[in-house]
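A.B. asks: Have a look at the structure that comes next, please.
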Amino acid sequence: MDILNDHILSLTVLAPILGAALIALLPIRSRALARWLASVFSGVSFLLASVIFTLIDKSGEFDFQELMSWIPGLGISYHVGADGASAALLLTSSVVLAATLFASFREEIAEYKFFYSMILLSAAGAMGFFISMNLYLMILFYALAIFPVFMLIGMGSRKKGARAAVKFVLFMSSSVSLLFVGTAAVSAIGGSSEILDIYSHRFSAHEQLFFFMIFAAGFGIAVPLILLHSWLSDSVEEGPIAAGILICAIVVKMGAYGFFRLVLPAFPAATLHYNTPILVIAASGVVGGFFIAIAQKEIKRLIAFSTVAYMGVALIGLFAANRMSVTGSILHMVNHGFAVSAIFALLSVFCARGSDTDLHCLCRMSCRMPVLSVLLVFSFVAYAGVPFLNMFPGEFLIFLGAFQNSTCFAIIGMLGLAVAAALMIWTAARSVCVKVSNEELGTISPVRAGEMVALIVMSSAIVLSGLFPDFIISRVAGSAGAFVKLANRVEMIIPASELGYTTESGASDALRRE
C-alpha cells in the first residue's frame with residue numbers, strides 16, 4: 001500500500017507503458033490476447049486516475065508529489081504532482097484511452113500489436129505531460145505522446161495517409177524544438193527547470209516577451225491556433241479513427257494545458273502585453289473554425305475544424321484570466337474530450353459494418369441501425385453545447401467570466417457557438433434515416449452487446465457531467481484560483497512599463513482582472 005500511496009501518479013502512467021511493452025513482446029499472434037492486455041492496463045490506469053481525481057486536494061495545491069534526482073548535472077529531476085486541473089485531464093486521458101481502444105478493436109490493421117502499443121504509449125505520454133512539474137520532463141512526455149500518433153496516422157488505409165503523417169511530424173517536430181529551446185533558455189536564465197521555481201523567478205520584461213513567444217508558438221501549434229492549424233484536418237481525416245480520437249481529445253489539450261501551466265502564470269508581463277493579439281487569434285479560430293466546419297461533408301474533417309474552434313473558446317477563457325472563466329476552460333477541455341471520444345466511438349461501430357465517415361454514407365446506413373443513429377444524433381446535440389449536457393457548463397462559465405474583462409471577445413465567441421449549435425444540429429439532421437432498400441445496403445451485422453454497453457456508458461457520462469458539473473468544478477476551481485493569482489501578479493507585471501505601459505496602469509489592469 002505504501003508503494004500505491006507514494007507512487008500512484010507514476011503507476012498511472014506506467015500501466016499503459018507496461019501494457020504496450022507486453023503487447024509488443026507477445027510471442028504469439030493473438031489479436032484477442034492483445035486486446036485483452038490493452039483493456040486490462042487501460043482499466044488499471046483509469047481506476048488509478050479516478051482515485052487521484054476523487055482524493056485530490058481541492059485547494060489548488062499540488063498533491064501526490066514524487067521527486068527524484070534524474071540528471072543532476074543538467075538540473076533535471078523526475079518531479080510529478082497533481083492539482084485539480086492536472087488530475088481532471090489525467091482522468092480525461094484515461095477515459096480517452098479506453099475509448100480509443102474500443103474504436104480500434106475492429107480496425108483492419110495488419111500490425112495490430114504495434115497499433116495497440118502505439119495507442120497505449122501516446123496516452124501514457126499525455127498522462128505524464130499533465131502531471132509533470134519539471135519542464136524538461138514535461139517536454140519529454142510531450143514528445144512521447146506525439147510520436148506514436150505519427151506512426152498511427154501512417155498506418156491508416158487512406159491514400160494520403162503517408163503525406164498527412166509527414167505533415168503532422170513536421171509541425172510537431174517544430175513544436176517540440178521550440179519548446180526544448182525555450183526550456184533550455186528558461187533553465188539557463190532562471191537557474192532551474194522546476195516549474196514552481198520558474199514561477200518564482202523574476203524574469204525581465206524582455207525575457208518574458210521572448211519566452212512567451214517561444215512557448216506560445218510551441219504550444220500554439222498543438223492547440224492549434226487558427227494560423228497554425230493546417231496539420232489537424234489532414235491528420236484526422238487520413239489517419240485511422242484511433243489517431244483522430246487521440247489528436248482531437250488529447251494532443252490539442254496538451255497545447256492548451258501548456259498555456260495554463262506555464263505560459264500565462266510564468267510570464268505575466270508578456271501575457272499582459274500579448275493578451276489582445278492572442279484573444280483576436282482565439283476568437284478568429286472560434287468563428288473561422290465553425291464556418292469552415294459547416295462546409296464539410298466528412299465527419300472527421302468536421303470534428304477537426306470544430307475542435308480548432310472549441311480550443312479557441314478554451315483559450316478565451318484562459319486569457320480572460322479570472323477564476324470563473326479559467327474554471328470553465330478546464331471543464332470545457334475535459335468535456336470536449338468526452339464528447340469527441342463518444343462521436344468517434346460511434347463512427348467506429350458504423351465503419352466496422354461497411355460505412356464510411358462521409359455524412360451521406362452514414363445517412364444511408366442509419367435506417368438499418370436506428371439505435372446507433374439515435375446515439376449519434378444525441379452525441380452531436382451534446383457536442384453543440386445544449387443545456388443539461390456536458391459541453392454547456394464549461395462554455396457558460398467561460399463566457400460568464402470573459403464578459404467581466406473581455407466583453408468584445410466574449411460576444412464574438414458566443415456568436416461562434418451559436419454557429420456551432422446550428423452546425424451540429426444540422427449535421428445531426430443530415431445523419432438520420434433515409435429510405436434505402438435492403439438489397440442496396442446488403443447484409444449488416446447486428447450491434448454486439450459489448451459495443452452497445454460501451455456506447456451507452458459514454459452517453460451516460462455525457463448526461464451526468466452535464467447535469468452534475470460540480471463534481472469536476474469543485475476540484476478544478478482551486479487550481480483556477482491559483483492560476484489567476486500567478487497570471488495577475490502585480491509585482492511581476494510592473495516591469496511591463498519598459499514596454500510602454502505605466503506602472504500604475506499595468507498594476508490597476510491586473511487588479512481589475514483578479
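The values are calculated or read from the model by the stated rules, or taken from the named source; none is laboratory data. Bear in mind that the values here come from a model prediction, so they are computed numbers and not experimental data. Glycine also receives a Cβ, built like all others from the backbone with ideal geometry; neighbour counts cover every protein chain displayed.
A.B. asks: Being of a type outside the set (Ser, Thr, Tyr) and surrounded by 24 or more Cβ atoms within 10 Å (Cβ to Cβ) is the filter here, so list the residues in segment 119-132 that pass it.
C.D. replies: Of all residues in segment 119-132, those of a type outside the set (Ser, Thr, Tyr) come to 119-121, 123-131.
ILE119, LEU120, ALA123, ALA124, GLY125, ALA126, MET127, GLY128, PHE129, PHE130, ILE131, listed by residue number.
A.B. asks: Going by what's in this entry, would ALA21 be described as surrounded by fewer than 16 Cβ atoms within 10 Å (Cβ to Cβ), in contact with a helix residue (DSSP H, G or I) (Cβ under 8 Å, 6 or more places away or on another chain) and either assigned to a helix (DSSP H, G or I) or on the phi < 0 side of the Ramachandran plot (or both)?
C.D. replies: yes
A.B. asks: Only one of these conditions is not met by ALA216: (1) closer than 24 Å to VAL313 by Cβ; (2) without any contact (Cβ under 8 Å) to a residue 40 or more places away in the chain. Which number is it?
C.D. replies: For ALA216, the failing item is (2).
A.B. asks: I would also like to ask the following. Filter segment 61-81 down to residues that are surrounded by 14 or more Cβ atoms within 10 Å (Cβ to Cβ) and not in a strand (DSSP E or B) and give me whichever is farthest from the chain's Cα centre (by Cα).
C.D. replies: My answer is GLY75.
A.B. asks: Can I ask one more? Which of the helices (runs of 4 or more DSSP H) found entirely inside segment 411-514 contain at least 1 residues meeting this: loosely packed, with under 13 Cβ neighbours inside 10 Å, at pLDDT below 90 and under 27 Å from the mean Cα position of the chain (by Cα)?
C.D. replies: On the way: elements: 438-441, 449-467, 470-487, 490-493, 503-513.
The qualifying helices (runs of 4 or more DSSP H) are 449-467.
A.B. asks: Let me ask something else. Whether any residue in segment 98-108 is in a helix (DSSP H, G or I) and aromatic (Phe, Trp, Tyr) is what I want to check.
C.D. replies: Just the residues of segment 98-108 that are in a helix (DSSP H, G or I), to begin with: 98-104.
Now drop any that are not aromatic (Phe, Trp, Tyr), which leaves 102.
Scanning segment 98-108 turns up at least one residue that is in a helix (DSSP H, G or I) and aromatic (Phe, Trp, Tyr).
A.B. asks: Okay, next question. Just one of GLY156, GLY182, GLY190 is in contact (Cβ under 8 Å) with a residue 12 or more places away in the chain and closer than 28 Å to GLU108 by Cα; which is it?
C.D. replies: GLY156
A.B. asks: Another one. Would segment 263-274 turn up any residue that is outside any loop (DSSP other than H, G, I, E, B), surrounded by fewer than 23 Cβ atoms within 10 Å (Cβ to Cβ) and modelled with pLDDT under 95? Break it down into steps so the answer makes sense when it comes.
C.D. replies: Step one: list which residues in segment 263-274 are outside any loop (DSSP other than H, G, I, E, B), which gives 263-266, 268-274.
Cutting the leftovers down to surrounded by fewer than 23 Cβ atoms within 10 Å (Cβ to Cβ) gives us 273-274.
Then keep just the ones that are modelled with pLDDT under 95; that gives 273-274.
Yes, because at least one residue in segment 263-274 is outside any loop (DSSP other than H, G, I, E, B), surrounded by fewer than 23 Cβ atoms within 10 Å (Cβ to Cβ) and modelled with pLDDT under 95.
A.B. asks: Between VAL280, VAL326, which is out of contact with any Leu (no Cβ under 9 Å at 6 or more places or on another chain), modelled with pLDDT of 90 or more and either within 23 Å of SER230 (Cα to Cα) or part of a helix (DSSP H, G or I) (or both)?
C.D. replies: Numbers: VAL326 fails: out of contact with any Leu (no Cβ under 9 Å at 6 or more places or on another chain).
None of the others qualify; the one that does is VAL280.
A.B. asks: Evaluate segment 82-93: report whether one residue or more is in contact (Cβ under 8 Å) with a residue 12 or more places away in the chain and surrounded by fewer than 23 Cβ atoms within 10 Å (Cβ to Cβ).
C.D. replies: No - not one qualifying residue is present in segment 82-93.
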